[in-house]
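What follows is one structure encoded as structure tokens, with my remarks underneath.
The values are calculated or read from the model by the stated rules, or taken from the named source; none is laboratory data. Quantities reported herein were computed from a predicted structural model and do not represent experimental measurements. Cβ sites come from the backbone with ideal geometry, for glycine too, and all protein chains shown count toward neighbours.
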Amino acid sequence: MSHYEVVIGNSSKTVDLERSTDEEHDAEAYQCQIVGEKGKTRKLIVRRRDANVLLISLDAKIYSIRQPKRTSSSVEFTLNGRKLRAQLPGEAAREETTVKSDIASVNELVSSNFPAKVVSIKVSKGANLKEGDTLLILEAMKMEAQIKAPRDCSVLEVFVREGEMVPRRTKLVHLKFS
């Protein structure tokens, strides 16, 4: 069973999802219950799953859900025109320090999301940075991207050199947040 916190505006509810079977439709299915609502177990069936869209049924109603942002511990989605967020409990504070871009993931350990060329390194070991300071510049698919500090921090280590080609998931810089 998985527990998720669903945030709508300033309110949140905890939802328990447990994988179940749906032989009738041969589909991915879950038993869904909002914590605190006794006896209200709902059946959620994933009818179709594409890159950014889910087609689900919940208690025999069909919903199309767009997922513009997804991480390993949360998903932001639009349901019936309302923006919602679901996350694993306790993950909100950790995710606030993570910035994802097409080229790099920036948290305490900055890593490349794509193969790229290190065009320029703007920091060195021991440097103190302010939020928004540029760490380095990467080039991928003939486009340059400035990788910036998500908040005040210091540089513990730089793992790459200018001009170096780095494969996906390469560690670039190690930061320590203030």
Study note, to complete from the structure: From the option list 154, 111, 72, single residue qualifying as surrounded by 14 or more Cβ atoms within 10 Å (Cβ to Cβ) and modelled with pLDDT under 90 is 111
Exercise for review: Please indicate, with yes or no, whether at least one residue in the range 118-127 is in contact with a His (Cβ under 6 Å, 6 or more places away or on another chain) and not aromatic (Phe, Trp, Tyr).
Suggested key: no
Check your understanding: When you go through 131, 157, 162 one by one, which is the residue that is outside any loop (DSSP other than H, G, I, E, B) and not β-branched (Val, Ile, Thr)?
Key -> 157
Review point. For the range 136-150, what are the residues that are touching a strand residue (DSSP E or B) at 6+ places or on another chain (Cβ under 8 Å) and either hydrophobic (A, V, I, L, M, F, W, C) or at pLDDT 85 or above (or both)?
Key: 136, 137, 138, 139, 140, 145, 146, 147, 148, 149
